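Quick notes on the structure that follows.
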Amino acid sequence: MDHANIDGELFDELAEHYTEEQILEIGWAVVSYMGYGRLIHSFGLKPS
C-alpha cells in the first residue's frame, strides 16, 4: 500500500472492524509515532 495515496477503500476496510473514533485514534497513534521517530532521527539521537 502506498501511504501517500490512502483512499476510501482503506477506511471502509477499517470500518468493518473499528468505530470511526477508534480509526481516528489509530491514525493519531501512527502520526505521533512517525513524528517522534523523525524528530529523534533529525536530532541524531540513538535509542538507549
Out of the residues in region 12-33 that are open to solvent by 90 Å² or more (accessible area, probe 1.4 Å) and hydrophobic (A, V, I, L, M, F, W, C), state the one that is farthest from the chain's Cα centre (by Cα).
LEU24
Regarding HIS41, is this residue exposed (fewer than 10 other Cβ atoms within 10 Å of the Cβ) and more than 12 Å from the chain's Cα centre (by Cα)?
no
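The values are calculated or read from the model by the stated rules, or taken from the named source; none is laboratory data. As the structure is a prediction and not an experimental result, all values here were calculated from the model. When we count neighbours, we look across all protein chains shown, and the Cβ atoms used for this are built from the backbone with ideal geometry, even at glycine. Areas reflect the complete protein model, heavy atoms only, side chains present, ligands, DNA and RNA absent. Shrake-Rupley method; radii C 1.70, N 1.55, O 1.52, S 1.80 Å.
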